Amino acid sequence: MRWDNLGDTPAAPADIALFGTDAVTTRTFDTPEFRGITFHEVRARSILNRVPGASRMPFEWTVNPYRGCTHACVYCFARKTHGYLDLDTGLGFDSQIVVKINAPEVLARQLGSARWSGAHIAMGTNVDCYQRAEGRYGLMPGILTALRDRANPFSILTKGTLILRDLELLTQAARVTEVGISVSVGFTDRELWRTIEPGTPSPQRRLDVVRTLGEHGIDCGVLMAPVVPFLGDRPEQLRDTVRAIAEAGASSVTPLVLHLRPGAREWFMQWLRRHHPGLVGRYERMYGDGAYAPTRYQRRITRQVHELAAEFGIGPAQRGAARRIPAREEPSPGAAPEQLTLL
């Protein structure tokens, strides 16, 4: 996606600065939570994104009201997408946030189009829609309202506690359509969290979200991601994490080993050299053949997590299955519940 495609005005000539068009308003806020962060407000032409057919994702459509993410996870695969806008994929991804300020209105218009089929929409699959910026811009209530009003099925993956602000809207949407919620918690090690996910709520606060959703009748699965080789994969670490997930009342746990795509790989390796230089060689060998850890390693972690989940009384999610919020109405006799895809 090119920068000019995000705005309502024609593409700017190549010699005009990236933020030199009327389609972009650049803002900074002198408050502690946003200090050092620049917001680039754009008016998007479209908010529904079709997932490429070659993608491994089992959903076809996404909505991403933000580009870049203040969660600043050093491993985030979405870092490469900042390069499409000629923005830095390292610190720039963490601090240069594109905000599609008209996302709710555009989505409502697109959902109302006769050409829209009502397909499932996944959110939080690129950057977190409940990152800190959402506290300032408040785009998600309008997005959820549009989805609710059209009874359009959707799912959300998040590390953000701000999702609890929209609890009532989620419940309302679940009365008319299928809704899936998953929270990402890859580990409970606080020292690892502070360095590798510095802008996120703590793992315990995220598990509190799972617990609160459950207390309100909303099933919530946990994507146990990423499992970080040599830093978060010791048997006792996996046990502590799965136990905490079970105690929070998660309906499922699905492990995902760290993957390092171009853009994220370079930033992660810089972090590794600063914080764990002794592991650099092991990572270069483990990820020497590409973005993913060896299949044998992935299968071992998956088996361990599934065994622990069974021990603690929770099951693995089916591949691609999001957790469904049960609707208030009783299902018809003999009807089997349908599950939606998330990851």
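Sort out for me the Cα centre separation of region 99-150 from region 152-197, rounded to whole Å.
Here the answer is 15 Å between Cα centres.
Quick one: net charge around residue 95, please, counting Lys, Arg +1 and Asp, Glu -1 for every other residue with C-beta under 12 Å from its C-beta.
Cβ neighbours under 12 Å give a net charge of 0.
Starting from the coordinates of the alpha-carbon atoms of region 207-321, obtain the Kirkwood hydrodynamic radius over all distinct pairs and give the value in Å to one decimal.
With all distinct Cα pairs of region 207-321 included, I get 15.2 Å.
Hey, can you rank 190-202, 91-103 by average C-beta count inside 10 Å, highest first?
Descending mean neighbour count gives 91-103, 190-202.
Hey, got the Cα dimensions of region 108-204 along the principal axes, in Å, largest first?
Largest to smallest, the principal-axis extents are 50, 24, 24 Å.
Please give, to one decimal in nm, the separation of the simple spin-label points placed at residue 117 and residue 311, each 7 Å out from Cα toward the Cβ.
4.4
Which distance in nm do the two modelled labels at residue 275 and residue 172 give, with both placed 7 Å along the Cα-to-Cβ direction?
With each label point 7 Å from Cα toward Cβ, the separation is 4.0 nm.
Give the calculated FRET efficiency between residue 109 and residue 208 to the nearest 0.05, with a Förster radius of 45 Å applied to their Cβ-Cβ distance.
That pair, residue 109 with residue 208, gives E of 0.80.
Quick one: of the DSSP bridges fully inside region 45-187, what percent are antiparallel, nearest 5?
If we restrict to bridges inside region 45-187, about 30 percent are antiparallel.
Around residue 124, what is the net charge, scoring Lys/Arg as +1 and Asp/Glu as -1 over all other residues with Cβ under 12 Å from its Cβ?
Spelling it out: positives minus negatives among the neighbours equals -1.
Could you tell me how far the Cα centroid of region 280-299 sits from the Cα centroid of region 211-271, in Å?
18
Compare the peptides 26-37, 104-115, 238-249 by average per-residue count of other Cβ atoms within 10 angstrom and give them in order, highest first.
My ranking of the peptides, most packed first, is 238-249, 104-115, 26-37.
So if R0 is 35 Å, what FRET efficiency would residue 50 and residue 296 give, r being the distance between their Cβ atoms, rounded to the nearest 0.05?
Efficiency for this residue pair is about 0.55.
Count charges around residue 313 for me, please; just the other residues with Cβ under 13 Å from its Cβ, Lys/Arg as +1, Asp/Glu as -1.
-2
Read the figures in this text as sums done on the coordinates, not as results from a lab. Since the model is a prediction, treat every value here as computed from it, not as a measurement. Please note: Cβ atoms are built from the backbone with ideal geometry, for glycine as well, and neighbour counts cover all protein chains shown.
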